[in-house]
1. Check 158, 140 and return the single one that is free of Cβ contacts under 8 Å to residues at least 12 places away in the same chain and touching a helix residue (DSSP H, G or I) at 6+ places or on another chain (Cβ under 9 Å).
2. State all residues of segment 165-188 that are on the phi > 0 side of the Ramachandran plot and at pLDDT below 95; if no residue qualifies, say none.
3. Can you pull out the residues in segment 74-89 that are in contact with a strand residue (DSSP E or B) (Cβ under 6 Å, 6 or more places away or on another chain) and either farther than 19 Å from residue 37 by Cβ or assigned to a loop (DSSP other than H, G, I, E, B) (or both)?
4. Name the single residue, out of those in segment 1-35 being surrounded by 20 or more Cβ atoms within 10 Å (Cβ to Cβ) and outside any loop (DSSP other than H, G, I, E, B), that is nearest to the chain's Cα centre (by Cα).
5. Which one of these is closer than 24 Å to residue 11 by Cβ, touching a strand residue (DSSP E or B) at 6+ places or on another chain (Cβ under 8 Å) and free of Cβ contacts under 8 Å to residues at least 60 places away in the same chain: 148, 188?
6. Scan (1) part of a loop (DSSP other than H, G, I, E, B); (2) farther than 17 Å from residue 145 by Cβ for the single condition residue 57 breaks and write down its number.
7. Scan segment 84-95 for residues that are surrounded by 11 or more Cβ atoms within 10 Å (Cβ to Cβ) and free of Cβ contacts under 8 Å to residues at least 60 places away in the same chain and report the count.
């Protein structure tokens, strides 16, 4: 199976805003960014009916997924990290001591009423195992940077903190091939 992980395109948010689970709008540049993504995925022009298009349920992902197929399946396991009480706040508005305490141990610590990165890794890992068990030639997965990093850590069996060494740009594509019970990475952050 060919698997394409795609991060949603740029959002219409201010720099420094904490918006993991918040359903924020896409930037005005979305139509052009979507065209560029379709160009990057020219091989998807031959998209087959038995191919899968899966998406985070947040609008910034679903809108992009609908550019590739009229049949989009949403999955809550593809949601970005839940920042809990910090959702919608600017990071510089969060008490610095608490923010630093979380940042020093974000893999295991969670923001108030949120989730830790290890929690995200676990739910993304369950999604991945289920995806690999499905019968499909191709899968297009539209999601968020945190989920893509969690999946890279899972596939490469890396300590979760090391996943943040990967760049995951808005509108980036990460291609994998899975066959004979093994996952190959074709490219990341294209």
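The values are calculated or read from the model by the stated rules, or taken from the named source; none is laboratory data. Not measured: the values here are computed from a predicted model. In this analysis, Cβ positions are derived from the backbone assuming ideal geometry, glycine residues included, and neighbour counts consider all displayed protein chains.
1. 158
2. 180, 181
3. The one that is in contact with a strand residue (DSSP E or B) (Cβ under 6 Å, 6 or more places away or on another chain) and either farther than 19 Å from residue 37 by Cβ or assigned to a loop (DSSP other than H, G, I, E, B) (or both): 75.
4. 7
5. 188
6. (2)
7. 3
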